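The structure appears below as structure tokens.
The values are calculated or read from the model by the stated rules, or taken from the named source; none is laboratory data. Quick caveat: nothing in here was measured; it's all calculated off a predicted structure. In this analysis, Cβ positions are derived from the backbone assuming ideal geometry, glycine residues included, and neighbour counts consider all displayed protein chains. Only protein heavy atoms, including side chains, enter the accessible area calculation; ligands, DNA and RNA are left aside. Shrake-Rupley method; radii C 1.70, N 1.55, O 1.52, S 1.80 Å.
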Amino acid sequence: AMLDPDRGLSLTIARVVQRLQGSSLHSQLERQARVSLHKPEIKLESLKEDIKDFLKTSGWEKKLQNAVYSELNVFPSPCHPAAPPEHIKEPLAYMRKAQGSWEKRILKSLNSMCTELNIPLAQKRPANEQKELLNKWNEMGTDEPDLSLFRPVYAPKDFLEVLMNLRNPNYENGEQPSFRNHLGLIQVPLKVKDIPELKEDFSELGLNIGQLGIDDSAQVPPEFFENEHVRVGQKVLAEQDSAAAQQYVRQGCPTALRADLWALILNISNQPEDILYYEQLKSNVIQHDLLVDSLIYKDVKLTASNDDYYFVFEDYLYQVLLCFSRDTSVLEHFTYSSATPPKSYIRGKLGMEEYAVFYPPNGVIPFHGFSMYVAPLCFLYHEPSKLYQIFREMYVRFFFRLHSISSHPSGIVSLCLLFETLLQTHLPQLFYHLREIGAQPLRISFKWMVRAFSGYLATDQLLLLWDRILGYNSLEILAVLAAAVFAFRAVNLMEVTSLAAAEAVLADLSTLKVMPLLQIFLFATVT
């Protein structure tokens, strides 16, 4: 149900005001206003205007603007007031149902692991263990506990099987006229963009626009563009305006400015109260032992620890992910996510709501490869509480969409469909060839997209890609890049005769240059 624009706007304003009222920014603004009353330039007869001017010149107005901008970026535009809350989570009933049954499967897998291994979901650590963990907090990687009995709750390929079986019950097979020709693995009719629409959305990636990550642009000598771009970037940082920063990074971030620009876009300032909050999460990790701790540990060992780029950050990854699992503020994102946090009941109280707790406390059960969402951020942030906040914000804005079933344009289902549609439309021969030999392209690209390419691209290239995710506040670029990779390797792929051979052609993406691939695919493909 669409609202008339004015009504929608007033609802949005009401929601933002309500959300900001409880924030620490609100109390800081009140405090600043009170302090300003003692300043000589503030006159009683023009009190309201003078305080407004003071907040403007002292930079507080900018902070408020960024907070509002941040809210607008994260929360969906308001539904009709009469719409039930599950519509904000996911408008399509069959998607909600599919997500619900997938969650049941995950939970069953987790619970059976508990039973098999005879370990509780959560227990208090004995005092000596607490002390030991505190002492080795910065070198948890040196520990080699026996995790052979633990297995990831699920891996991307299990999730792909679920997505392949999604159907819209309102259509009997073959009754979807516009969709009948789609020969990919995803069989749900969602609207995805075509190349002309993507060109318009990603216009800043055009061939005649300076880009970081393009070495030999015909238009502008790269070093000239880079120097100028750095100068503009420093100005954007000095202005402290989130919206300007978001527009700026669409052309890429200079390495030296990236950490600050991302923090500005995500509105993360690492205040004393944020550092304190992180310390509280840490003490919670020290006191309680959760089953998910072993899953996190195992995931880091299986992924980042074996990665040439990321193994050095092993200790950071444990710290961030263990704290993340305890962070109840993450639960808030479930208001706009199709997922629902799993519940666990205190022993002997099954089904009694007053004895239900969310498990893990943040509501997110990690899967195989989850730690790769954090690993690239370790290159940019070396202070644990800041690294933590950046990751948490990236998760509740973007990454959660890569492992939940929804109809959102940045959700994994839409990304898969966008990827398959781009290939089928623009590289039909390649698409049919791979399909014929049983090497459906999505079987290969799915894991890249679920991980937002982390662990597949060289880090400098990955960061250029994530610049654009932040710049466009969208994950659609992941599907475009996946299609561009197939286009780039098309000649070799036309010669393969099996899935294994196709996988071998695409096994190593570490030499790829992201920006030229995206540019050529979007702006040089004949449409």
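So which residues in segment 493-515 are surrounded by 14 or more Cβ atoms within 10 Å (Cβ to Cβ) and in contact with a Gly (Cβ under 8 Å, 6 or more places away or on another chain), if there are any at all?
499, 513, 514, 515 - these are the residues of segment 493-515 that are surrounded by 14 or more Cβ atoms within 10 Å (Cβ to Cβ) and in contact with a Gly (Cβ under 8 Å, 6 or more places away or on another chain).
When you check residue 482 against the structure, is it farther than 23 Å from residue 411 by Cα, of a type in the set (A, V, I, L, M, F, W, C), in contact (Cβ under 8 Å) with a residue 40 or more places away in the chain and in a helix (DSSP H, G or I), yes or no?
In short, no.
Here is a yes/no grid of residues against (1) touching a Phe, Trp or Tyr at 6+ places or on another chain (Cβ under 6 Å); (2) at pLDDT below 95; (3) more than 16 Å from residue 344 (Cβ to Cβ):
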{"site": "89", "(1), (2), (3)": "no, yes, yes"}
{"site": "98", "(1), (2), (3)": "no, no, yes"}
{"site": "103", "(1), (2), (3)": "no, no, no"}
{"site": "116", "(1), (2), (3)": "no, yes, yes"}
{"site": "119", "(1), (2), (3)": "no, yes, no"}
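Which of the numbered conditions does residue 149 fail, given that it passes all the others? Conditions: (1) within 22 Å of residue 357 (Cβ to Cβ); (2) in a loop (DSSP other than H, G, I, E, B).
(1) is the only condition that residue 149 fails.
Can you name the condition, by its number, that residue 256 falls short on among (1) aliphatic (A, V, I, L, M); (2) outside any helix (DSSP H, G or I); (3) modelled with pLDDT of 80 or more; (4) loosely packed, with under 12 Cβ neighbours inside 10 Å?
The failed condition is (2).
If residue 423 passes every condition in (1) crowded, with 23+ Cβ neighbours inside 10 Å; (2) closer than 22 Å to residue 183 by Cβ; (3) within 16 Å of the chain's Cα centre (by Cα) but one, which one does it miss?
Failed condition: (3).
Within segment 363-382, is there a residue that is open to solvent by less than 10 Å² (accessible area, probe 1.4 Å) and among the polar types (S, T, N, Q)?
yes
With the structure loaded, tell me whether residue 238 is surrounded by fewer than 14 Cβ atoms within 10 Å (Cβ to Cβ), over 28 Å from residue 64 (Cβ atoms) and at pLDDT 90 or above or whether it fails that test.
It is false that residue 238 is surrounded by fewer than 14 Cβ atoms within 10 Å (Cβ to Cβ), over 28 Å from residue 64 (Cβ atoms) and at pLDDT 90 or above.
Would you check if residue 434 is closer than 30 Å to residue 233 by Cα and at pLDDT 95 or above?
No; evaluated as a whole, the condition is false for this residue.
Which of (1) charged (D, E, K, R); (2) free of Cβ contacts under 8 Å to residues at least 60 places away in the same chain; (3) part of a helix (DSSP H, G or I) does residue 503 not meet, given it meets every other one?
(2)
Quick check on this structure: which one of 165, 128, 118 is farther than 30 Å from residue 287 by Cα and polar (S, T, N, Q)?
Within the list 165, 128, 118, the selection yields 165.
What's the number of the only condition in (1) in contact (Cβ under 8 Å) with a residue 40 or more places away in the chain; (2) closer than 30 Å to residue 472 by Cβ; (3) open to solvent by 10 Å² or more (accessible area, probe 1.4 Å) that residue 295 fails to meet?
(2)
Out of (1) under 29 Å from residue 460 (Cβ atoms); (2) touching a helix residue (DSSP H, G or I) at 6+ places or on another chain (Cβ under 6 Å); (3) modelled with pLDDT of 95 or more; (4) not in a helix (DSSP H, G or I), the odd one out for residue 309 is which?
For residue 309, the failing item is (3).
Within segment 394-404, does at least one residue satisfy the condition of being over 23 Å from residue 265 (Cα atoms), open to solvent by less than 30 Å² (accessible area, probe 1.4 Å) and among the hydrophobic types (A, V, I, L, M, F, W, C)?
No: segment 394-404 contains no residue that is over 23 Å from residue 265 (Cα atoms), open to solvent by less than 30 Å² (accessible area, probe 1.4 Å) and among the hydrophobic types (A, V, I, L, M, F, W, C).
Residue 330 - would you say it is open to solvent by 50 Å² or more (accessible area, probe 1.4 Å), part of a helix (DSSP H, G or I) and out of contact with any Leu (no Cβ under 8 Å at 6 or more places or on another chain)?
no
Residue pairs, Cβ under 8 Å, 6 or more apart or interchain, first in segment 10-29 and open to solvent by less than 70 Å² (accessible area, probe 1.4 Å), second outside any helix (DSSP H, G or I) and of a type outside the set (Gly, Ala, Ser). List them.
That search, which allows pairs on different chains as well, returns 11/3; 11/78; 11/81; 12/78; 15/75; 15/78; 24/271.
Taking segment 181-229 as the region of interest, how many residues are among the charged types (D, E, K, R), at pLDDT below 80 and outside any loop (DSSP other than H, G, I, E, B)?
1
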